[in-house]
Amino acid sequence: MKLILLGPPGAGKGTQAERLSLRLEIPAISTGNMLRRAVEENTPLGQQARQLMDRGELVPDGLIIDLVLERLAQPDCQKGYILDGVPRTGPQAALLEEKGVQIDAAVLLDVSDETVVERMSGRRVCSTCGASYHIAARPPKQEGLCDLCGGALIRRSDDAPETVRRRLDLYHRETEAVEAFYRQRGRLVSIGQGNSIEETERAILDRLNG
Ligand code: AP5
């Protein structure tokens, strides 16, 4: 199974990618996580990405596609994979297709801007291992601390209200073209909003199996 998870920032792509990865036993590949790791390790890619990410802007298409193709060449991707956060522009979708990346379904988490703002304002991430929580929908067992490693929970630097608005604008400007790309190919599966994390996972699996 080769899947793409699409949707605005904060729609729940990372949350569902993690659950589907466990359920389907295929890796979840998040360009956001790969870039955040590169920033933390201060690699040349990280140095290029840092400011763009903090401003809520996109990293250049060529860099992203090289990063993804390198990851897809790893042996654990043979059986399938879930792409989270990529492709994010029309040119990224076209480049992946040109390079022979064929997907079974592009799952769109169709969530309103209002819900996105609510979800991102409640998101907390572990400063040590990166695990993600939500103060209401997915609270940690102990307030402020990661269930997995005990690290301190913080807000992501690009979740500041001003940056969230910029990321949403960019989504409507750039990423909606990706929906059209997969709709034209009969691969788009749209999942409506308003469901809990568990209900959303069930809806995705039902649509993929149906
Ligand atoms: P990235 O990390 O991909 O950010 P994003 O797409 O903006 O998505 P998010 O990670 O913010 O949200 P999500 O949809 O994964 O939601 P989550 O599951 O956390 O990218 C970051 C930056 O990197 C970009 O801005 C860009 O600069 C760069 N970048 C990355 N990929 C790129 C690319 N391809 N090209 C160019 N640049 C790129 O959920 C959000 C919150 O809601 C959580 O707290 C969660 O617990 C909660 N939640 C989830 N589902 C539900 C639910 N059903 N009900 C209630 N709460 C829920």
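Computed from the coordinates by the stated procedures, all read-outs in this text should not be read as laboratory data. Just so it is clear, the model here is predicted, and its values are computed rather than measured. Heads up, the Cβs are rebuilt from the backbone with ideal geometry, glycines too, and the neighbour counts pull from every protein chain shown.
Tabulated results
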item: Orientation-averaged projected area, Cα convex hull of the chain (nm²); result: 11.2
item: Backbone N under 18 Å from the Asp206 label point (7 Å along Cα→Cβ), restricted to segment 20-44; result: 20
item: Equivalent ellipsoid dimensions for segment 49-112 as semi-axes, Å, which come from the Cα gyration tensor, largest first; result: 21, 16, 12
item: 4 °C / 1.567 mPa s Stokes-Einstein diffusion coefficient of segment 30-70, Kirkwood radius on C-alpha pairs, µm²/s; result: 129
item: Student exercise, the chain dipole from Lys, Arg, Asp, Glu Cβ charges, in Debye to nearest 20; result: 160
item: Dipole axis of segment 20-167 (+1 Lys, Arg; -1 Asp, Glu on Cβ), positive-most option in Ser157, Gln92, Gly144; result: Gly144
item: ³J(HN,Hα) computed for each position of segment 123-138 - Karplus, 6.51 cos²θ - 1.76 cosθ + 1.60, integer Hz, glycine/proline x; result: 6, 10, 10, 6, 6, 9, 10, x, 4, 10, 9, 9, 4, 10, 7, 8
item: Rough spin-label spacing in nm, given labels placed 7 Å along Cα→Cβ, for Ala136 and Met1; result: 3.0
item: Full-stretch length increase - Ser121, Arg185 - with 0.36 nm per residue and alpha-carbon distance subtracted; result: 19.6 nm
item: Extent along principal axes [Cα atoms of segment 108-210; Å; largest to smallest]; result: 45, 34, 22
item: Phi to ³J(HN,Hα) by Karplus 6.51 cos²θ - 1.76 cosθ + 1.60 over segment 5-21, Hz, x for Gly, Pro; result: 9, 10, x, x, x, x, 6, x, 4, x, 4, 6, 4, 5, 5, 5, 4
item: Computed E for Thr128/Gln102 - FRET, C-beta separation, R0 30 angstrom, nearest 0.05; result: 0.20
item: Helical contribution to [θ] at 222 nm, DSSP H n ≥ 4, -39,500 (n - 2.57), averaged over the chain, rounded to 500; result: -13500 deg cm²/dmol
item: Placed amide H near Ser30: partners under 5 Å, 5+ positions off or other chain; result: Asp84
item: Principal semi-axes in Å for segment 1-87 [√(5λ), Cα gyration tensor, largest first]; result: 22, 15, 11
